[in-house]
Amino acid sequence: MSADPLLLAALAVRENAHAPFSKFKVGAAVEDDTGRIHTGCNVENATYGLTVCAERIAIFKAISEGARKFRRVAVAADTDVLTPPCGACRQILWEFCGDVEITLVNLRGQIETWSLKALFPKPFDASFI
Ligand code: THU
């Protein structure tokens, strides 16, 4: 298993996931430009549609703590094909992190690193408005 604190944080916070409907637990961790790690897990809701993914919770927690620039993102889930951020989270990650490095990890320590630009090649953002 990697000793990278960002990956360990994503794996640890995954345990806090509130996923009674899907049983699919996800953890996310973002490193800001001071080196601080902000974490999030998915939080589901009985109406399903109000569910919030781990990635968005991590970013929104970080923003609300005053962080504004981010260096890296990690996403942890228990899948053999490593779980990437959903489309909505790619949009949010793009707006707050730009072309950030995203490392996907599973419980067996398998890792893949992607640039957000590769996952989200033609984004809409505030530069169009
Ligand atoms: N989920 C995340 O938290 N992040 C992802 O990248 C993919 C999906 C959550 C949402 C829902 O609670 C569960 O996983 C199943 O989709």
Fill in: Whichever residue in the stretch 54-69 is open to solvent by 40 Å² or more (accessible area, probe 1.4 Å) and over 19 Å from Ala12 (Cα atoms) and, among such residues, is nearest to the ligand (Cβ to nearest atom)
Ser64
Practice prompt. Test Thr79 against the criterion of being at pLDDT 95 or above, farther than 21 Å from Phe124 by Cβ and surrounded by fewer than 16 Cβ atoms within 10 Å (Cβ to Cβ), and give yes or no.
Written response: yes
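Rundown of residues vs (1) among the hydroxyl-bearing types (Ser, Thr, Tyr); (2) farther than 19 Å from Leu7 by Cα; (3) without any contact (Cβ under 8 Å) to a residue 24 or more places away in the chain, yes/no style:
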residue: Glu55; (1), (2), (3): no, no, no
residue: Gly66; (1), (2), (3): no, yes, yes
residue: Val73; (1), (2), (3): no, no, no
residue: Asp78; (1), (2), (3): no, no, no
residue: Phe120; (1), (2), (3): no, yes, no
Worksheet item: Looking at (1) closer than 28 Å to Met1 by Cα; (2) touching an Asp or Glu at 6+ places or on another chain (Cβ under 8 Å); (3) not basic (Lys, Arg), which is the one condition that is false for Gly35?
Response: (2)
Worksheet item: Restricting the first residue to the stretch 39-50 and requiring it to be exposed (fewer than 10 other Cβ atoms within 10 Å of the Cβ), which pairs with a second residue that is of a type outside the set (Gly, Ala, Ser) meet a Cβ separation below 8 Å and a spacing of at least six or different chains?
Response: Ala46/Phe21; Tyr48/Phe21
Worksheet item: Inside the stretch 27-53, can you point out the residues that are over 19 Å from Asn106 (Cα atoms), within 13 Å of the ligand (Cβ to nearest atom) and polar (S, T, N, Q)?
Response: Asn45, Thr47, Thr51
Worksheet, complete the sentence: In the set Leu11, Leu93, Leu7, the lone residue that is at pLDDT 95 or above, under 12 Å from the mean Cα position of the chain (by Cα) and under 23 Å from Phe124 (Cβ atoms) is Leu93
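The values are calculated or read from the model by the stated rules, or taken from the named source; none is laboratory data. Please read all numbers here as calculations on a predicted model, not as lab measurements. Virtual Cβ from ideal backbone geometry, glycine too; neighbours counted across all protein chains shown. Each accessible area value is taken on the protein alone, full model and side chains, heavy atoms only, with ligands, DNA and RNA left out. Shrake-Rupley method; radii C 1.70, N 1.55, O 1.52, S 1.80 Å.
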